[in-house]
Amino acid sequence: MLRAAAKQEVPVHTSRLSQFAIVVASVAAALFAGAPLLIKLGTLESFVGFRLYLLGGALGLLALLFGLIALYTTRPATGRAGRGLALGGALIGAVVVGVIAMGALRSGAVPPINDITTDPADPPHFSALAREEANTRRDMSYPGEAFASQQRAGYPDLAPIPLTEPPDAAFAAVKKAVEGFGWKVVAADASTGTIEATDTSHIFRFVDDIVVRIRPDGSGSRVDMRSKSRVGRGDLGANAERIRRLRDALGVAPAA
């Protein structure tokens, strides 16, 4: 009987660190994937959802670190169980951190500004959009040289868009392009040559305000555009890309 007892295997304990890593990784993945989904479904406000998404990134980093440590503490020589949990936590954390890091690297390559225009010296002004409830308490004026200098350094290709067509034809071409992009036209006044619209981002449903101004320029026209984010300090280059999209749709080459 004593021999039988001696032959009994020593219980293998599952690493608590491994368990912790997979739990943290699961929460990180839920926030990382769930926050954008809830925003799309309209059950979560965009800015709150974005913060939860970033929290998911922070937890993903913790899961990665704890998972790597747990992989070491559950190596075969230790006799501890839970290596699979540790690996799962580390892999999930790495995916979450990797995706968010890619976005962060992209933001580091563009200026931390969120109001971009083709004419910093005389930017188009918001009128109808400035009266919308979401903007009534916001300063809709252009920030001036503080942004203009950063824009010139970060987006040297942005400049007024010249068209050979007269203003009426140019206005029609711009309006057609804006509508084709799926931007929501809030106001369009051919007499003043201005079009105001909004564009909503696909993932976090952030809304950006847009105004386009068409003026006579010799026998043709000059198109100026301004795109401004409603939230955040930077825009990951989204506003500049929006201006480029209109410029390309109108068949104009980038400024040299």
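Only the coordinates and a few stated rules stand behind these numbers; no lab work does. This structure is a prediction, so every number in the text was calculated from the model and none was measured. Positions of Cβ are backbone-derived with ideal geometry, glycine not excepted, and every protein chain shown enters the neighbour counts.
Taking a label point 7 Å from the Cα of ALA169 along the Cα→Cβ vector, which residues of region 225-256 have an amide N closer than 19 Å to it? Once the point is set 7 Å along Cα→Cβ of ALA169, 247-253 turn out to lie under 19 Å by backbone N, inside region 225-256.
Helix 167-181 and the longest principal axis of the C-alpha atoms of the chain enclose an angle of approximately 20°. Over region 13-108, the reciprocal of the mean inverse Cα-Cα separation, the Kirkwood hydrodynamic radius, stands at 13.7 Å. Site pair LEU105 and ALA253 shows an inter-label distance of 3.2 nm when each label is modelled 7 Å from Cα along Cα→Cβ.
What is the calculated FRET efficiency for THR192 to ALA121, with r their C-beta to C-beta distance and R₀ = 25 Å, to the nearest 0.05?
0.80
Between the Cα long axis of helix 238-249 and the first principal axis of the chain there is an angle of about 50°, rounded to the nearest 10. Fraction of C-alpha pairs exceeding 14 angstrom in region 199-256: 61 percent, rounded to a whole number. For a paramagnetic label modelled at 7 Å from the Cα of GLN19 toward its Cβ, which residues of region 60-99 fall within the zone defined by backbone nitrogen distances under 15 Å? Backbone N within reach: 80-86. Shape summary: the chain maps onto an equivalent ellipsoid whose semi-axes, from the alpha-carbon gyration tensor, are 55, 17, 14 Å in decreasing order.
For the chain, what does -39500 (n - 2.57) per DSSP helix run (n ≥ 4), summed and divided by total residues, give at 222 nm, in deg cm²/dmol to the nearest 500?
Dividing the helical sum by the residues of the chain leaves -16000 deg cm²/dmol.
Along region 20-26 the Karplus relation, 6.51 cos²θ - 1.76 cosθ + 1.60 evaluated at θ = phi - 60°, assigns HN-Hα couplings of 5, 4, 6, 5, 4, 5, 5 Hz to successive residues, with x for each Gly and Pro.
Within the chain, how many Lys pairs sit with Cα atoms under 26 Å apart, leaving out pairs fewer than 8 places apart on the same chain?
Here the count comes out as 7.
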